[in-house]
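Enquirer: Below is one structure. I have some questions about it.
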Amino acid sequence: MDASETQAVLSARSAARARAADYLARRHRFRWPECLPWLLAIAAFFLLPDRMTFGAQVLIMVMFALSLDLILGYAGIVTLGHAAFFGVGAYTVGLLIARLGYTEPISSLCAAAMVAALIGFGTGWFLLRYRGLTLLMLTLATAIMLQETGNLRSDISGGYDGLPGLTIAPLFGIFQYDLYGHVNYLYVLGVLGLIFFFVRRIVYSPFGQALTGIRENVRRMHAIGSPVHRRLVTVYTIAAAIAGVAGALFTQTNAYVTLAVFDFDVSAKVMVMLILGGTGRLYGAFAGAVVYMVLEDYFSKMSPTFWQFGIGLLLVLTVLFAPRGILGLIEGASGRAARRAGP
Amino acid sequence: MTVPVLEVKGLNRAFGALPVTRNVDLALEKGARRALIGPNGAGKTTLVNLITGALKPSSGRVLLDGEDITALSQAERARRGLARTFQINTLFRGLTVLENICMTIGERDGECNNLWRAAGAKRSVIDEALDYLDALRLTDDALKLVRELPYGRQRLVEIAVALAQRPRVLLLDEPAAGVPSSETHLILDVVASLDPDIAILIIEHDMEVVFRFARQITVLVAGAVFTEGTPEEIMANADVRAVYLGEAIPGGGRHD
Ligand SMILES: Nc1ncnc2c1ncn2[C@@H]1O[C@H](COP(=O)(O)OP(=O)(O)O)[C@@H](O)[C@H]1O
Ligand SMILES: [Mg+2]
């Protein structure tokens, strides 16, 4: 090989190096299409002023699905009991108001996050040693046991009748929650924005990378010295806190809470939403929750007895034809477009 | 005498009623080049699993720098400089080659405890990862997903990941297994040029490779150390020929 040839090989290699380094260095940067869901959420506020309570419920499910995405989509832990933390958050706020007369909304949210995180940490530390079916059953059992605890002390929890008529104090002591849920919608949207910002940071952090490593190959993670259990407990605790906040907002939005928040249905529903939207994709939670909630609303009005069939069909179509969810479809399409447009 | 970097003392392990590791003693000095040979099912991979902590022994001890690490987890041992490659590729298949290496460096340096900084923001990590890829001629594949690579290239990633751990002891479990014979030389060249300070134990069936690479050889038969010695001693050992080498001596016949 002569000198100029060597030179060419070297510069080709340094170009390849630069390209590779650039890719990693840029991956976490903000991209414009990421504005879209937020613009839609703001547009909904102006265009659908009489559907704001429903809108808030959709945003709450987005938040709940986002918390599940951290553990299911990124770390690859399948759980059937995520409602446990939603329920704990919901009841923290409910009990604060009904039993202690404490109605300040934001500190109640923080309390809900903390209690849910505590329970997430405690149960996670114990059950994340297991995998597969065992883990599935243990997560399921967590939610059932919490629900039964509530049932046992129905004098405190209100049992299956729940805690009705929970009203919260004005936001920041100024903004009264109105009957049409306008203030509440913006409040929920604000909290979601904040939490999304956190989750996005985590997902693109080295810790987030380690989570995908655990999902991709846990044996390799052990072999390279990753403290897998600690990582899982950490993300489980964070996800529990976020689910707790979603539950708290649920109580604040609806002004009541019943033990149904712990139902298996709730855990299953949030998983369906996430799979529908696309796991491990950050915005899958948005797409899935919005599409699911809107269709559920539409189907249930169309056929109050038969609407679940529509949801079932949707799920079948998703797993058969869009196994990576709605977001996967969009990525596939834009990827193809980019290749066509490219050299 | 110096303390061996890695020492295995009286290691035992059984699967059910089947003893797979029987009273194994083994030592690696700094910079050792030792081959572990033996018929299929002799318990070579199991021994690697016991040393790295992927399996727990029923009795016996593993020492790293003279310190007993038998009670430590696999991850803890890895953090102390004990790395291995797998007989069957065990990689992050859905991630890029570069991410596989960056992940390893991130865990090695404790970077992965960070929940806030962007993973790509530390240029030094990416640069170091690319150095490993450069050394193994994987730079052009840096942005490919591991599962898109041919098996032989994946074998190289397997080695790159182990190197990115900056190990003091490296256990290579049949690094060229599953690679078409036309490409094995690539992998074996890499193995031959590894840092002379790293203590290496290689499991390999190709006797030509073993005799070229190793300065010591341990023969494992039915879970127990049958004999050990220099390549010359092993080649001259009639018993070894009988149980194992029979048809695999360099130039003496086919390899399995
Ligand atoms: N997890 C396991 N459970 C039961 N038997 C096993 C397990 N792993 C290995 N074995 C058995 O142990 C013996 C040694 O296996 P292995 O260590 O893979 O041998 P080698 O790597 O020398 O070919 C084989 O008989 C194998 O079937
Ligand atoms: Mg083997």
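Enquirer: Partner chain Cβ atoms within 10 Å, averaged over the residues of A:214-221 - can you pull that number for me?
Expert: 6
Enquirer: Pick out, from B:Val191, B:Leu63, B:Ile101, the residue whose Cα sits farthest towards the positive end of the charge dipole of chain B, with +1 on the Cβ of Lys and Arg and -1 on the Cβ of Asp and Glu.
Expert: It is B:Leu63, whose Cα lies furthest towards the positive end.
Enquirer: Sticking with this structure for a sec: Quick one: which residues, 5+ away or cross-chain, put their amide H under 5 Å from the amide H of B:Leu36? H built at 1.01 Å from N.
Expert: Result for B:Leu36 returns B:Ile202, B:Ile203, B:Glu204, B:Thr218.
Enquirer: Just name one of A:Ala16, A:Ala116, A:Leu95: the one whose Cα is farthest towards the positive end of the charge dipole of the protein assembly as shown (beta-carbon charges, Lys/Arg +1, Asp/Glu -1).
Expert: A:Leu95
Enquirer: A further question follows. Could you calculate the FRET efficiency of A:Ala255 with A:Phe126 from 1/(1 + (r/R0)^6), where r is the beta carbon distance between them and R0 is 41 Å, rounded to 0.05? Walk me through the numbers on the way to the answer.
Expert: Working: r = 35 Å, r/R0 = 0.85.
In this case the efficiency is close to 0.75.
Enquirer: Can you give the net charge of the other residues whose Cβ lies under 12 Å from the Cβ of A:Leu80, counting K and R as +1 and D and E as -1?
Expert: On the way: positive: A:Lys269; negative: A:Asp263, A:Asp265.
Residues near A:Leu80 contribute -1 overall.
Enquirer: Right, here's the next one. Work out the FRET efficiency for A:Thr167 and A:Leu136 from their Cβ-Cβ distance, taking R0 = 56 Å, and round it to the nearest 0.05.
Expert: That gives a FRET efficiency of 0.90.
Enquirer: Mean-square fluctuation check for chain B, GNM, Cα pairs under 10 Å: which of B:Pro196, B:Pro175, B:Pro167 is largest?
Expert: Fluctuation is largest for B:Pro196.
Enquirer: What is the spin-label model distance, in nm, from A:Leu152 to A:Asp178 if the labels are put 7 Å beyond Cα along the C-beta direction?
Expert: Taking the simple label geometry, A:Leu152 and A:Asp178 are separated by 4.6 nm.
Enquirer: Explain nothing, just the number: dipole magnitude of region A:1-123 about its Cα centre with +1 on each Lys and Arg Cβ and -1 on each Asp and Glu Cβ, in debye rounded to the nearest 20. Walk me through the intermediate numbers first.
Expert: Values: 9 positive and 7 negative charges, 21 e Å.
The calculated dipole for region A:1-123 is roughly 100 debye.
Enquirer: Give the calculated FRET efficiency between A:Leu329 and A:His229 to the nearest 0.05, with a Förster radius of 30 Å applied to their Cβ-Cβ distance.
Expert: Efficiency, rounded to the nearest 0.05: 0.30.
Enquirer: With the crude spin-label approximation of a point 7 Å out along Cα→Cβ, what separation in nm comes out for B:Asn23 versus A:Ile42?
Expert: Each label point lies 7 Å from its Cα, and together they span 7.8 nm.
Enquirer: Distance between Cα centroids, region A:175-243 to region B:2-73: provide it in whole Å.
Expert: Region A:175-243 and region B:2-73 have Cα centres separated by 40 Å.
Enquirer: Give a residue-ordered list of calculated ³J(HN,Hα) values for region A:11-17 (Karplus: 6.51 cos²θ - 1.76 cosθ + 1.60, θ = phi - 60°; whole Hz; x for Gly, Pro).
Expert: 6, 4, 5, 5, 5, 4, 4
Enquirer: Just report the Cα centroid separation between region B:81-153 and region A:71-141, whole Å.
Expert: Result: 34 Å between the Cα centres.
Enquirer: Another one. Which of A:Gly158, A:Gly278, A:Gly288 moves the most in a Gaussian network model of chain A with Cα springs under 10 Å?
Expert: Ranking A:Gly158, A:Gly278, A:Gly288 by mean-square fluctuation puts A:Gly158 first.
Enquirer: Quantify how strongly other chains surround peptide B:94-106 by giving the mean number of their Cβ atoms within 10 Å of each of its Cβ atoms.
Expert: That works out to 5 on average.
Enquirer: Additional query: What longest range of chain A stays clear of loop-exposed trypsin sites (Lys or Arg not before Pro) (DSSP non-H/G/I/E/B, at most 15 other C-beta within 10 angstrom)?
Expert: Numbers: sites that count: A:Arg27, A:Arg29, A:Arg31, A:Arg129, A:Arg131, A:Arg153.
Counting at most 15 other Cβ atoms within 10 Å as exposed, the longest clean stretch of chain A is A:154-343.
Enquirer: Points 7 angstrom from Cα along the Cβ direction at B:Asp127 and A:Tyr160: gap in nanometres?
Expert: Inter-label distance under the simple model: 6.6 nm.
Enquirer: Now for a different question. Can you tell me the length gained on complete extension of the stretch A:Cys110 to A:Val316, counting 0.36 nm per residue apart and subtracting the Cα distance?
Expert: 70.4 nm
Enquirer: Sticking with this one: So how do B:135-146, B:53-64 stack up, highest first, on mean other-Cβ count within 10 Å?
Expert: Descending packing order for the listed peptides: B:135-146, B:53-64.
Enquirer: Here's another thing I want to ask about it. What's the ranking of B:15-23, A:82-90 by average number of surrounding C-beta atoms within 10 Å, highest first?
Expert: Descending mean neighbour count gives A:82-90, B:15-23.
Enquirer: Name the residue, out of A:Ile156, A:Ile195, A:Ile71, whose mean-square fluctuation peaks in a Gaussian network model built on chain A with Cα pairs under 10 Å.
Expert: Comparing A:Ile156, A:Ile195, A:Ile71 in the GNM, the peak value goes to A:Ile156.
Enquirer: Something else about it: Tilt of helix B:97-108 relative to the longest C-alpha principal axis of chain B, in degrees (0 to 90, nearest 10)?
Expert: Helix B:97-108 and the main axis of chain B meet at about 80 degrees.
Enquirer: Compute the Cα gyration tensor for region B:39-191, then decide on rounded, prolate or oblate, letting a ≥ b ≥ c be the square roots of its eigenvalues: rounded whenever a/c is under 1.5, prolate when a/b is larger than b/c in the other cases, and oblate in all that remain.
Expert: Verdict is oblate for region B:39-191.
Enquirer: Report the one residue of A:Pro227, A:Gly277, A:Leu295 whose Cα lies farthest in the direction of the positive end of the charge dipole of region A:219-315 (charges on C-beta: Lys and Arg +1, Asp and Glu -1; origin at the Cα centre).
Expert: With unit charges placed on the Cβ atoms, the residue in question is A:Pro227.
Enquirer: How far is helix B:123-135 tilted off the main Cα axis of chain B, in degrees rounded to 10, range 0 to 90?
Expert: Roughly 40 degrees, rounded to the nearest 10.
Enquirer: Run the helix sum for chain A: -39,500 (n - 2.57) per DSSP H stretch of 4+ residues, divided by residue count, reported at 222 nm to the nearest 500 deg cm²/dmol.
Expert: It comes out at -24500 deg cm²/dmol, rounded to the nearest 500.
Enquirer: How many lysine pairs in chain B, separated by 8 or more positions in sequence or lying on different chains, have Cα atoms less than 25 Å apart?
Expert: The result is 7.
Enquirer: While we're here: Which ³J(HN,Hα) values in Hz, rounded to whole numbers, follow from the phi angles of region A:94-108 under the Karplus curve 6.51 cos²θ - 1.76 cosθ + 1.60, where θ = phi - 60° and Gly and Pro get x?
Expert: 3J(HN,Hα) across region A:94-108, in whole Hz: x, 6, 4, 6, 6, 9, 10, x, 8, 10, 5, x, 6, 5, 5.
Just so you know, all these numbers are worked out from the coordinates, no wet-lab data involved. Here the structure is a predicted model, which means the values were calculated and not measured. Here Cβ is always computed from backbone atoms with ideal geometry, including for glycine, and neighbour counts include all displayed protein chains.
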